[in-house]
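The values are calculated or read from the model by the stated rules, or taken from the named source; none is laboratory data. Note that the coordinates shown come from a computational prediction; the quantities given were computed from them, not determined experimentally. Note that each Cβ is placed from the backbone with ideal geometry, even for glycine, and that neighbours are counted across all protein chains shown.
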Amino acid sequence: MLAVKNLQKSYHLGGQAYPVLKGINFEVKQGEFVGVMGPSGSGKTTMLNCISCYIPFDQGEITLGDKNLSHLGEDELAAVRNKELGFIFQDFMLLDGLSVKENIMLPRIISGRTGSDMEEGAERLCQVFGIAKIRDKYPVEISGGEKQRTAVARALINNPLVILADEPTGNLDSKSSKAVIDSFLQAKKMLDATIFMVTHDSFAASFCDRVIILKDGVVHSVVSNHGNRSDFQDELLDAIREMDGGDAA
Ligand SMILES: Nc1ncnc2c1ncn2[C@@H]1O[C@H](COP(=O)(O)OP(=O)(O)OP(=O)(O)O)[C@@H](O)[C@H]1O
Ligand SMILES: [Mg+2]
């Protein structure tokens, strides 16, 4: 599904190279909910931006489905971004001038695939996420939780291979965070969606199947969920504490 092999990326400032990703390796399977944790500056967003085709990387391979992203040109990358990836942004980024349903359909409209199945797809997602009643309302007229579910539905409208989320619960209180996680779990259960989420929040991460822990641009460890959420959260906290003294939990 998603495979990252020996991913390397440096930023160049003032003629000097600052390596940020130093050979990252992992795989995510179809239907998996995978988290990424690690201290601030460990390269989480940089890695997500490479997978998102937003920034070029220096070495290594990213494979998404049957496509090797390292071999694609600009137009092909734009198509991958639009069709194969779904994005959840920290502030959800709904367009105020569009209704809930129009916001959900937006990725389809952008890709010009506006056939009748677009409406059907949007309706189905409205049902799955319990927002059918508010489908014709505008973002200012709906609650925070409804906005989040709209954003998750929008990320799914193109039936992407993977949903990518960078700190989707970062600005939220614990109740709203749980609502975002619940919509991910719903997407996984009902639609076999694959979700890849960067988070600082060990509670949010404890709902993942697996959490990849980054440190200094490499995979420090991978912690798997064996079924008990609170045990898993404790293991994540231990792993993070062991790594950096506990300031990133
Ligand atoms: N566009 C850029 N140009 C130069 N350096 C950058 C750029 N973006 C990030 N960096 C540097 O790369 C390193 C990794 O940044 P990144 O944003 O990937 O970290 P992160 O793990 O997402 O951190 P956080 O948890 O704070 O979001 C940091 O040292 C950062 O200062
Ligand atoms: Mg970040």
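Anything in the stretch 2-17 that is touching a Ser or Thr at 6+ places or on another chain (Cβ under 6 Å) and surrounded by fewer than 12 Cβ atoms within 10 Å (Cβ to Cβ)? List them, or say none. Within the stretch 2-17, just Ala17 meets the criteria. Only one entry in Lys44, Lys9, Lys22, Lys29 is away from ligand 1 (no atom under 16 Å from the Cβ) and outside the structural domain of Ile104 (by TED's automatic domain parsing), namely Lys29. Of the residues making up the stretch 167-206, those that are within 14 Å of ligand 1 (Cβ to nearest atom) and part of a loop (DSSP other than H, G, I, E, B) are Glu167, Pro168, Thr169, Gly170, Asn171, Thr199, His200, Asp201.
The numbered conditions (1) out of contact with any helix residue (DSSP H, G or I) (no Cβ under 7 Å at 6 or more places or on another chain); (2) more than 26 Å from Val211 (Cβ to Cβ); (3) crowded, with 20+ Cβ neighbours inside 10 Å are all true for Ile131 except (1). Here Pro19 fulfils each of the conditions (1) outside any strand (DSSP E or B); (2) over 23 Å from Arg210 (Cβ atoms) apart from (1).
Among the listed residues Val198, Val140, Val218, Val222, identify the single one that is under 16 Å from the mean Cα position of the chain (by Cα) and either surrounded by fewer than 22 Cβ atoms within 10 Å (Cβ to Cβ) or within 30 Å of Lys9 (Cα to Cα) (or both). Going through Val198, Val140, Val218, Val222 in turn, just one is under 16 Å from the mean Cα position of the chain (by Cα) and either surrounded by fewer than 22 Cβ atoms within 10 Å (Cβ to Cβ) or within 30 Å of Lys9 (Cα to Cα) (or both): Val198. Quick check, is Asp173 under 30 Å from Lys133 (Cα atoms) and without any contact (Cβ under 8 Å) to a residue 60 or more places away in the chain? So Asp173 passes the test. Mind listing whichever residues of the stretch 143-166 are small (Gly, Ala, Ser), assigned to a helix (DSSP H, G or I) and crowded, with 23+ Cβ neighbours inside 10 Å? Within the stretch 143-166, Ala151, Ala153, Ala155 qualify. Within the stretch 8-42, the set of residues being among the aliphatic types (A, V, I, L, M) and either within 16 Å of ligand 2 (Cβ to nearest atom) or closer than 17 Å to Ile195 by Cα (or both) comprises Val20, Leu21, Ile24, Val28, Val34, Val36, Met37. As for the stretch 43-62, it holds at least one residue that is among the small types (Gly, Ala, Ser), surrounded by 13 or more Cβ atoms within 10 Å (Cβ to Cβ), within 27 Å of Ile212 (Cβ to Cβ) and away from ligand 2 (no atom under 16 Å from the Cβ). Figure legend. Inter-residue proximity from the stretch 115-127: first residues farther than 20 Å from Glu146 by Cβ, second residues surrounded by 13 or more Cβ atoms within 10 Å (Cβ to Cβ) and modelled with pLDDT under 95, beta-carbon distance below 7 Å, spacing 6+ or different chains. Indicated pairs: Met118/Arg108.
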